Amino acid sequence: MNRKIIMLDTTLRDGEQVPGAKLNVHQKVEFAQQLKRLQVDMIEAGFPASSEGDFQAVQEIARSVGDTVSITALARAVKGDIDAVYNSIKLAQDPFIHIVLGTSDIHVEKKFNRSKDAVMQQGVDAVKYAKTLMPHVQYSTEDASRSEFEYLWKTIEAVVKAGATIINVPDTVGYAVPEEFGELIRKINDRLKNLNPDVILSVHCHNDLGLATANTLAAIKNGAQKVECTINGLGERAGNTSLEEVVMALKVRENYYQCGTNIKTTELLRASRLLTYLTGLDVQVNKAITGDNAFAHSSGIHQDGLLKDKQVYEIMSPEEVGADSMELILTARSGRHAFKNAVERMGFSVGEEEEFEQLFAKFLTLADAKKEVYDHDVFYLVTNHRTLDT
Ligand code: KIV
Ligand code: ZN
């Protein structure tokens, strides 16, 4: 039986921190409803201590989608933040508090300017306090991938003993590379299984080196049970792990990963488009899964192969992610086969060979001039040719 990977979406917390991505309460709830349709397991709805608006948004999300989706929100390891999270999510069916505190020397020395023991004790106290409010608490060891391993483990051990039920290992600045991150997760997983096998091991990656998806998949391969992602990979700097990429990698390469998710993949594109609409932040055209060109084929050789059998150049179908069936953008390099397919798709018969050759010659002239030929151009070309002919 395949392992189910728990998918947490943090678009409304880590994604929304991005300049220009601010959403109002109504927009956040609308997006959370799409995440519910997508069947994510958990939503990190915001950072309620940061502002009254964020508190209200988290509360509304907990009320409106917290009946079926587990809801969390972020707290620093201080009482005020933890109270704000508790008060904003307590109406959800299955809420949990998320506490973050750094473990790398850079964070301990430069950000906190305290001893390692004092920082660790702060984390333990925060977990103990959160546990008086809720049974489930996630602890994030911020900057884990740049932390000294024995201190990182000592912190994990201490917060698990204090009651943490999820340990989240972030690659906060996108510094990790897949082999190394996979190895880190394997080591933590081995020790965690001995310490408390009920604790869920989670990862949270950033994309500064373009490796967030690869690092997340390496973590899954090495025992991570839960992953944190955002739609379109929206997030600080170069962004977070893209949810749609991880989900489709696990689906397309199911035999390799032996894992699956609960995600309803036909809702992926709708989630992506809704986020673009709400934030005004476009997705790059060649972005995997959700970019405009993700399923568009323009080379003649590829178009010819696809028309013979889609599997020749397609590893997943556009319909699987909620897109229309494959789009063939005609160019001067498109062959007769692709052009014939477009003519027929417009509802025309291709006619005798001689007429078809005339049409194809006109198409090549148009494609040279226009570079890209769309369905409406083909329609005009055929009707114009036949009107002139009669
Ligand atoms: O990147 C990070 O370390 C975070 C934590 C709050 C999980 O966003
Ligand atoms: Zn993050």
| query | So, in the stretch 238-256, of the ones that are within 16 Å of ligand 1 (Cβ to nearest atom) and not in a helix (DSSP H, G or I), which residue ends up surrounded by the fewest Cβ atoms within 10 Å (Cβ to Cβ)? | reply | Ala238
| message | Looking at the stretch 301-319 only, could you name the residues that are within 24 Å of the chain's Cα centre (by Cα), part of a helix (DSSP H, G or I) and surrounded by fewer than 17 Cβ atoms within 10 Å (Cβ to Cβ)? | response | Glu319
| With respect to Glu344, is the statement that it is of a type in the set (D, E, K, R) and either more than 21 Å from Glu245 (Cβ to Cβ) or modelled with pLDDT of 90 or more (or both) true? | yes
| remark: Those residues of the stretch 234-289 which are under 18 Å from Ala214 (Cβ atoms), away from ligand 2 (no atom under 16 Å from the Cβ), in contact with a helix residue (DSSP H, G or I) (Cβ under 8 Å, 6 or more places away or on another chain) and not charged (D, E, K, R) amount to Val247, Met248, Ala249, Leu250, Tyr257, Cys259, Thr261, Ala288, Ile289
| Hits in the stretch 331-379 (condition: within 12 Å of Gly300 (Cβ to Cβ), hydroxyl-bearing (Ser, Thr, Tyr) and touching a Leu at 6+ places or on another chain (Cβ under 9 Å)) | Ser334
| note | Looking across the stretch 133-169 at residues that are in contact (Cβ under 8 Å) with a residue 60 or more places away in the chain and within 16 Å of ligand 2 (Cβ to nearest atom), the single one that is nearest to Thr103 (Cα to Cα) is Ser140
| note | Subset of the stretch 166-179, residues of a type in the set (Val, Ile, Thr) and within 16 Å of ligand 1 (Cβ to nearest atom), comes to Ile166, Ile167, Val169, Thr172, Val173
| field | Residues located in the stretch 102-114, provided they are assigned to a helix (DSSP H, G or I) and within 16 Å of ligand 1 (Cβ to nearest atom) | value | Asp105, Ile106, His107, Val108, Lys110, Lys111, Phe112
| message | Taking the condition of being away from ligand 1 (no atom under 16 Å from the Cβ) and not charged (D, E, K, R), how many residues in the stretch 137-164 meet it? | response | 7
| query | How many residues does the stretch 202-231 hold that are more than 16 Å from Tyr256 (Cα to Cα), more than 14 Å from ligand 2 (Cβ to nearest atom) and without any contact (Cβ under 8 Å) to a residue 40 or more places away in the chain? | reply | 3
| note | Scanning the stretch 363-390 for residues that are among the hydroxyl-bearing types (Ser, Thr, Tyr) and either farther than 13 Å from Val343 by Cα or at pLDDT 90 or above (or both), the one surrounded by the most Cβ atoms within 10 Å (Cβ to Cβ) turns out to be Thr365
| Taking the stretch 60-76 only, how many residues are among the polar types (S, T, N, Q) and either over 14 Å from Asp94 (Cβ atoms) or within 16 Å of ligand 2 (Cβ to nearest atom) (or both)? | 2
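The values are calculated or read from the model by the stated rules, or taken from the named source; none is laboratory data. Treat the numbers as computed from the prediction; the structure is a model and nothing was measured. FYI the Cβ positions are ideal-geometry reconstructions off the backbone, even for glycines, and counts take in every protein chain you see.
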